[in-house]
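These notes concern the structure reproduced below.
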Amino acid sequence: MNVLSVVIPAYNEESGVAEVIERVLTVEPELKKAGLDGLELIIVDDCSKDRTAEIVASYADRGVRLIRHKVNRNYGGALKTGFQHAKGDYLAFMDADGTYPPEYYPQMFSALKAQNADLVIGSRMAGIESQMPLTRRVGNTIFAGLISAIAHTRITDSASGQRILKRQVLEKLYPLPDGLNFTPVMSTRALHEDIKMIEVPIKYEERDGESKLSVVNDGLRFLFSILGTAAVYNPVRLLGALSLGAVALAGLAILPWLLAVSNGIDDRSGYANLLFVAMTLSIVAVNLFSIGTVFNYIVSLFHRRPIRQGLFGRPVFRQPLEHRFGSFGVALLVVGVVMFGVAASVGGAEPAWFLLVPSAMFVMTGIQLLTSWLLVYLLTELSKRELKAEADLGMNNNIIEDETLIMPVGDKALV
């Protein structure tokens with residue numbers, strides 16, 4: 001149905017739910033002008049203890065649908081219940097406390113159609129007047145920046161509770177959590193699934209009374225949800241960022257030693273600790289990056305469809321760096337063995353620790369890279385196995401038609 005189904009979760013909202021319903025219903029004429037056939041309004045009462053359900057039920061004669069939970073399923077759970085019962089090809093949602101403006105739905109839908117988008121977010125942070133408290137504004141800015149950095153696409157409001165999306169994209173977005181972290185997880189998944197997501201600036205009014213959102217508890221839940229969701233799609237983005245951080249710290253640690261060398265200082269024993277820290281951080285960086293690339297291959301096997309991956313969001317080298325792990329590993333092993341040989345040949349009562357320690361580190365890192373290269377190779381072959389089997393069995397018609405010419409000769413065929 002060419003209808004916009006607006007789902008509103010409500011929990012103890014008797015003071016404001018009637019006004020919100022009236023405001024939503026009044027936008028139907030504008031939605032029809034934007035190209036829709038109508039509006040469906042669904043209120044999901046999440047086991048309220050006040051008169052919320054009674055008030056919503058009084059609007060039944062105006063087409064408002066009431067769905068009641070027998071147990072509290074939280075914000076995201078209520079939205080998913082509403083989506084299950086919605087009839088429209090386009091789904092929308094907002095809060096029941098009057099903080100979000102339904103008057104912007106026609107503008108948001110027009111933008112979705114004009115830009116052929118799959119999901120449009122009403123951004124509270126994009127320049128329109130907003131009454132959001134400072135603490136939440138700072139938090140939303142941090143989360144939006146984090147998601148933008150992880151997904152390599154800039155967004156301004158990752159947690160907005162006013163959105164429109166095409167029903168067909170739910171399959172890619174699910175599963176979604178039941179809690180208040182429903183919206184940031186949806187934003188993170190949408191960016192990694194290459195769902196076209198746009199933003200439209202909206203006004204935002206702070207609710208009267210106490211907010212249900214806890215700045216600390218829900219803020220931490222948002223943070224871990226964003227990082228966890230991103231890790232499910234692109235582990236190397238997170239582990240690679242930590243790897244780059246370790247490289248930067250290693251550079252800072254070895255800098256005093258390099259300055260001492262350039263200045264001709266012979267006694268550099270005082271820099272031994274920093275040199276050891278630099279080498280350790282370098283090994284940590286290699287391990288984090290190599291593990292991240294292996295995880296990416298594992299993740300791609302599970303998704304079985306194109307998803308956004310990569311450390312920088314786009315190819316940097318013609319040949320992926322992980323395909324060169326084998327040669328890098330062999331090189332480090334050779335260097336480590338040579339350094340050990342030099343250390344063994346140095347005379348003296350004390351072992352040449354300045355050679356033995358880096359020798360051991362090079363050997364361990366070389367083995368790590370070789371192991372990662374082998375895992376990447378095996379996972380690559382596994383990912384191709386099904387396609388090759390289908391081709392061999394003749395299940396891939398495109399390949400068969402391109403490579404085979406069948407000409408009938410009587411009751412036989414020449415292949």
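Buried (at least 16 other Cβ atoms within 10 Å of the Cβ) and either of a type outside the set (A, V, I, L, M) or within 30 Å of the chain's Cα centre (by Cα) (or both): is that true of ILE226 in this structure? Break it down stepwise before answering.
Details: buried (at least 16 other Cβ atoms within 10 Å of the Cβ): yes; either of a type outside the set (A, V, I, L, M) or within 30 Å of the chain's Cα centre (by Cα) (or both): yes.
Taking the combined requirement at face value, the residue satisfies it.
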Report task. Can you give me the number of residues within region 171-193 that are over 14 Å from the mean Cα position of the chain (by Cα), assigned to a helix (DSSP H, G or I) and of a type in the set (Gly, Ala, Ser)? Result -> 0
Query raised in the report: Does at least one position in region 79-91 carry a residue that is touching an Asp or Glu at 6+ places or on another chain (Cβ under 6 Å), crowded, with 20+ Cβ neighbours inside 10 Å and part of a helix (DSSP H, G or I)?
Result: no
Query raised in the report: Is it fair to say GLU13 is surrounded by 18 or more Cβ atoms within 10 Å (Cβ to Cβ), modelled with pLDDT under 95, not in a helix (DSSP H, G or I) and not aromatic (Phe, Trp, Tyr)?
Result: yes
Query raised in the report: Does at least one position in region 195-202 carry a residue that is assigned to a loop (DSSP other than H, G, I, E, B), within 20 Å of ALA96 (Cβ to Cβ), assigned by TED's automatic domain parsing to the domain that holds LEU112 and at pLDDT 90 or above?
Result: yes
Query - Any hit, region 207-216, residues being at pLDDT below 80, of a type outside the set (Gly, Ala, Ser) and in a helix (DSSP H, G or I) - result: yes
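Test ARG167 against the stated conditions and say whether it is basic (Lys, Arg) and under 24 Å from ILE43 (Cα atoms).
Working: basic (Lys, Arg): yes; under 24 Å from ILE43 (Cα atoms): yes.
Yes: the conditions hold for ARG167.
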Query raised in the report: Restricted to region 358-381, and to residues that are crowded, with 18+ Cβ neighbours inside 10 Å and more than 37 Å from the chain's Cα centre (by Cα), which residue is modelled with the lowest pLDDT?
Result: PRO358
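When region 141-170 is examined, which residues are found to be part of a helix (DSSP H, G or I) and within 16 Å of the chain's Cα centre (by Cα)? Can you show your working first?
Within region 141-170, the subset part of a helix (DSSP H, G or I) is 141-151, 167-170.
Residues satisfying the conditions are ILE142, PHE143, ALA144, GLY145, LEU146, ILE147, SER148, ALA149, ILE150, ALA151, VAL169, LEU170.
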**Report entry** Hey, VAL44 buried (at least 23 other Cβ atoms within 10 Å of the Cβ) and in contact (Cβ under 8 Å) with a residue 40 or more places away in the chain or not
**Finding:** no
Query raised in the report: Regarding GLY251, is this residue in a helix (DSSP H, G or I), closer than 30 Å to GLY329 by Cβ and without any contact (Cβ under 8 Å) to a residue 40 or more places away in the chain?
Result: yes
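The values are calculated or read from the model by the stated rules, or taken from the named source; none is laboratory data. None of the values given here were measured: they were computed from a predicted structure. Neighbour counts are summed over all protein chains in view; Cβ atoms, including those assigned to glycine, are modelled from backbone coordinates with ideal geometry.
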